[in-house]
Amino acid sequence: MSGNVEEESINFHGLKLDRFQIEAIHSIENNHSVVVSAATGTGKTLIADYVIDKYLKVGKRIIYTAPIKALSNQKYNDFRHQYEDDKVGILTGDVTINSEAPLLIMTTEIYRNMLLSFDPSVDELAYVIFDEIHYLGDIERGTVWEESVIFSKAHTRFLCLSATIPNAKQFANWVSYIKKHPVDVVVEKKRAVPLHHMFYDTELGFKTIAEIEEHKQLDKYPKYHKEFKNKKRQFEELRSIKKLSHIELLKELEAGEKLPCIYFCFSRQLTQDKAESLKRARNYLDAQESAEVGKVVRAKLEATDKSVLTLQTTRLLRECLSNGIGFHHAGLLPALKDIVETLFSKGLIKVLFATETFAVGINMPAKTVCFDSLEKFDGINFRYLNSKEYFQLAGRAGRRGIDEQGFAISVVERSMMDIQKVRNITESDSEPLQSQFQLSINTVLNLIHSHTEEQQQIILRSSFFSYQKVGKSGTSKIITSFEKKRAKLIRENYIAKALNGLELTEKGLFAMRIYTQEILVTEAFCTDITKSLTNLEILIIIGRLVYEDKRSIKFKTEQKQISNTVLKKISKNKTLNKYFRDNPSFFLESFLKEWYEGCEFLDLMNYTNMSEGDIVRYIRQILDLLQQIQHATINEELRAKTREIQNKIDRDVVAVRF
């Protein structure tokens, strides 16, 4: 890049850059880290492109981290088309392609694991691009983002991309404090396309929130309102009307030229049900568009496993797509999601029913975004979205260079809605970034193995949690947690006392390379039990350890023999025995055995009501853990067995294709 950033940036990738993009580029040119806090759809990705272009030209390495594997895969495909194939690689745990490439795409977990294992790939790393850095506030996974910053090399710089972060300056100050280099904050509050927030009452239709509040009061205290006597008949008539459906809403959007629309539902089944009912009511495509859809679908399906063609989901999706209607959720097979994304990007889907996963990083805006509800089930309770969740989805409304304004429309039932909460959610993205730091067994083992006691204390005091809780015992909580975990690991023979302090035992060295269920995996595969395990028994154990229990998911249980044998073999190990008695594996046995022995994917689906996409995800989680065990073990026989299992189960629809 030339020295004159202002002049060159005007024509970067043929686009004139906005003020905040130019600011970020100045920081990059000054070798600073940058936190970019900007509304969805403002053009943050172009800053990442600038970093990649700049450092590829001088032969430096860049890592691009994404919050989910699906986004990593998408970015890998995008960058492969943008740069030469040998310049781009991907690492997602279960998939490794061109790992020596100067531009590596990976999940944030993989980057963190590379840092802890002192992978040489990070030695010459110039820049890390953290896409969706606000995931640092995620309860389950936020620690990974924090540790990725903490353990990064001193010479590495960061580009942190996020939707609006109210406390971006605090976050940047923390990074600067622990990494000892300047971190600039670039904020862009103005959207490229203005966003108009609207509400659709299921009885009254389009209303402002003030109008809905007025009607809500009339419903609640009718006799105290002077106007009520005059409006009584009108309200009684309204109450007798059948509630307006998504079809009426979409008719109004079409009449008002507000399509295309992404219609968010917080249920996978709802996306399909609503798409199917709309398909019966409306066809949005002309003959030429319909022919183009057919051409794309046929070409995509020809390249995938033939069993996909006969799935009920595939048939329904094809019928909907031929009418310009689609659905998209995590339960779909990757091949079907790819078809939907391709057609949507071509403008051949006018209404797309989607779950919130569609909004994670995927740059596919529409003129309008609808919310089927502002409440969702979070796995424990039904709750309102927070403002960050709302704006992450609403931000998909408004296409730069196409629309003068975008529309975010929330479907509400005024009798049930909390007016003040809805106002708080939709008026501004006000959720600050809060640390969710939790020490894992893996981190404790790696700290003890690779750092002196003094270094351990410095690292433990370096968390964003400690920075935010300064004066509130934040650091002491982390140190107490570390000491408790360390004591437990000493008791269980993962850590031993040595002349110069503490050192890891064989079990400890194994466990520090395992990133899920560290203790259970180690007890199963780094003890005497390992020698007696067959391939199927290994598969059953791993399958149980990675399986996430859900009440709604059922399996056909035809066999228990292997599971019973496993119970006998692990019975003398207290840790494993307790786990597998409390969490039996027999319900998974037939399912896993059939796939291992070569059954067709369609036949496998007869053993569970799990959706196709979830089946693929589950088997790929097994593959990921098999890969971890191969890297962790020094037992060549176990390594050979895990490779045999991989070869048996990584096939057909489950295999990742690019």
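The values are calculated or read from the model by the stated rules, or taken from the named source; none is laboratory data. Just so you know, these numbers come straight off a predicted model, no measurement behind them. In this analysis, Cβ positions are derived from the backbone assuming ideal geometry, glycine residues included, and neighbour counts consider all displayed protein chains.
Quick notes
- Enumeration of residues in the range 577-600 that are within 21 Å of Asn647 (Cβ to Cβ), among the hydrophobic types (A, V, I, L, M, F, W, C) and crowded, with 21+ Cβ neighbours inside 10 Å: Leu588, Phe591, Leu592, Trp595
- Odd one out for Val35 among (1) crowded, with 17+ Cβ neighbours inside 10 Å; (2) at pLDDT 95 or above; (3) out of contact with any Cys (no Cβ under 8 Å at 6 or more places or on another chain); (4) outside any helix (DSSP H, G or I): (3)
- Residue ID - surrounded by the most Cβ atoms within 10 Å (Cβ to Cβ), chosen from residues in the range 405-448 that are over 27 Å from Gly395 (Cα atoms) and touching a strand residue (DSSP E or B) at 6+ places or on another chain (Cβ under 8 Å): Leu445
- Complete set of residues in the range 87-97 that are without any contact (Cβ under 8 Å) to a residue 60 or more places away in the chain, charged (D, E, K, R) and in contact with an Asp or Glu (Cβ under 9 Å, 6 or more places away or on another chain): none
- Elements of type helices (runs of 4 or more DSSP H) in the range 584-658, at least 1 residues being modelled with pLDDT of 95 or more and of a type in the set (Lys, Arg): 586-596, 612-632, 636-649
- Among the residues of the range 16-51, just one is closer than 26 Å to Lys87 by Cα and basic (Lys, Arg), namely Lys44.
- Filter result for the condition that a residue is surrounded by 17 or more Cβ atoms within 10 Å (Cβ to Cβ), in contact (Cβ under 8 Å) with a residue 12 or more places away in the chain and under 23 Å from Arg191 (Cβ atoms), over Arg400, Arg396: Arg396
- Qualifying residue in the range 19-29 (condition: touching a Pro at 6+ places or on another chain (Cβ under 9 Å), outside the structural domain of Thr368 (by TED's automatic domain parsing) and modelled with pLDDT under 95): no
- Condition met for Phe358 (within 28 Å of Asp418 (Cα to Cα) and either surrounded by 18 or more Cβ atoms within 10 Å (Cβ to Cβ) or hydrophobic (A, V, I, L, M, F, W, C) (or both)): yes
- Counting only strands (runs of 3 or more DSSP E) wholly contained in the range 158-210, no element carries 2 or more residues that are among the polar types (S, T, N, Q).
- Screening the range 419-462 for helices (runs of 4 or more DSSP H) wholly inside it with 1 or more residues that are within 14 Å of Ser481 (Cβ to Cβ) returns the ranges 441-450, 453-460.
- Checking each residue of the range 339-347 against the condition of being modelled with pLDDT of 90 or more, of a type in the set (Phe, Trp, Tyr) and under 18 Å from the mean Cα position of the chain (by Cα) gives no match.
- From Gly59, Gly43, residue being in a loop (DSSP other than H, G, I, E, B), over 23 Å from the mean Cα position of the chain (by Cα), of a type outside the set (A, V, I, L, M) and under 25 Å from Tyr76 (Cβ atoms): Gly59
- Whichever residue in the range 619-658 is closer than 24 Å to Val88 by Cα and among the β-branched types (Val, Ile, Thr) and, among such residues, is surrounded by the most Cβ atoms within 10 Å (Cβ to Cβ): Val654
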